[in-house]
Amino acid sequence: MDNEDIRYYILFKTYEHGLALKDILTADGVKCRIAPAPRAIQGELSCGMSLLLEPDQLEVAKRSIAEHNAVYHDIVPLAGQIKSHRDRYC
């Protein structure tokens, strides 16, 4: 598995926790974006939202989460979810 193909998804029980963490991470300069939680890792969570991190942002995100005692469910690595050629028709 290519490390450049791995993305990290931060999962939440509620979207309010996700939006709050997005604000915290953005304020701390962590690059992340809101994304749907992939079905492969969503599990029994009722919230379908996740925050998507690139590998180089993982450690700084973890420090920010710990510093602010932010609420989240899990951080899950998953490969192969971003496909740049998807939705290209010609």
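Bear in mind that the values in this text are calculations on the coordinates, not laboratory data. Please read these numbers as outputs of a predicted model, since none were measured by experiment.
When all C-alpha to C-alpha distances in region 3-79 are sorted into bins of 5 Å, what percent of pairs does each bin hold, rounded to whole numbers? Taking all Cα pairs of region 3-79, the binned fractions are 3, 18, 31, 26, 16, 6, 0 percent. Multiplying the residue separation of Ala20 and Ala66 by 0.36 nm and removing their Cα-Cα distance gives an extension gain of 15.2 nm.
Here's how it looks for Lys13: its modeled amide H is under 5 Å from those of His73, which are all 5 or more places away or on a different chain. Remark: region 8-23, residue by residue, has Karplus-estimated 3J(HN,Hα) of 10, 10, 8, 9, 9, 7, 9, 5, 4, 5, x, 5, 5, 5, 4, 4 Hz, where x stands for each Gly or Pro and the curve is 6.51 cos²θ - 1.76 cosθ + 1.60 at θ = phi - 60°.
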